[in-house]
Structure formats: structure tokens, C-alpha cells
Amino acid sequence: MDIAPQGVTKASGLEMVRAALGVDPADTVAVGDGSNDIDMLRWAGRGVAMGHALDAVRAAADEVTGSIEDDGVVAVLRSLL
């Protein structure tokens, strides 16, 4: 169970950081695997769900990478280089 104040999500926190740093929204990337990541994946310019994520999380993402066991996040990070 995740508990946060109303209106506070990973997406809202990342938006504050993005705006403070002046990063273009299109240049943001988020990777997640849980239902608490759905808002973040929708917020990101590139939202990536892990391969083992629930269907609802995968549906919220722009793309799906491999699972933890397949080092899926490594492929995402390499694509940014």
C-alpha cells in the first residue's frame, strides 16, 4: 500500500523537479512497474513499463521493456546514451 497526501504522486514530484531545472517535458523518461507508477508513466515524455508490470501499468506506458530478470531498465538507459 502506498500512502501520500492527496494530489501528491511521483508525477507531481517529478514535475516540480523538471520545471525547476528547465527540462523540456519531451525530454523526460520514467520507468516503472507498479500501479503507483501509472501517473508518472503518463506524465513522462517517454513512459516505459517494465516487462513484468501489470497490464494497467503497461497500458499507461508508451513502451514496454524487458523484466527485471532481463535487465529491462538497462536497455532503456542505453537508449539514452
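The values are calculated or read from the model by the stated rules, or taken from the named source; none is laboratory data. What you are looking at is a predicted structure, and each value in this text was computed from that prediction instead of being measured. Here the Cβ is made from the backbone with ideal geometry for all residues, glycine too, and neighbour counts use every protein chain on show. The accessibility values were calculated without ligands, DNA or RNA, using every heavy atom of the protein model including side chains. Shrake-Rupley method; radii C 1.70, N 1.55, O 1.52, S 1.80 Å.
Go through (1) of a type outside the set (D, E, K, R); (2) surrounded by 15 or more Cβ atoms within 10 Å (Cβ to Cβ); (3) in contact with a Pro (Cβ under 6 Å, 6 or more places away or on another chain) one by one and return the number of the condition Val48 breaks.
Val48 satisfies every listed condition except (3).
For every residue, the table says whether it meets (1) outside any loop (DSSP other than H, G, I, E, B); (2) open to solvent by less than 40 Å² (accessible area, probe 1.4 Å); (3) closer than 24 Å to Asp2 by Cβ.
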position	(1), (2), (3)
Gly13	yes, yes, yes
Val23	no, no, no
Ile38	yes, yes, yes
His52	no, no, yes
Val73	yes, no, yes
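For residues that are of a type outside the set (A, V, I, L, M, F, W, C) and open to solvent by 60 Å² or more (accessible area, probe 1.4 Å), scanning just the range 25-35, find the one that is farthest from Lys10 (Cα to Cα).
Checking each candidate, the answer is Asp27.
Among Arg42, Arg58, which is within 8 Å of the chain's Cα centre (by Cα), open to solvent by 60 Å² or more (accessible area, probe 1.4 Å) and without any contact (Cβ under 8 Å) to a residue 40 or more places away in the chain?
Arg42
Being modelled with pLDDT under 95, on the phi > 0 side of the Ramachandran plot and of a type in the set (Gly, Ala, Ser) narrows it down to one of Gly7, Gly22, so name that one. It would help to see each step written out before you state the result.
On the way: Gly22 fails: modelled with pLDDT under 95.
After ruling out the rest, the residue left standing is Gly7.
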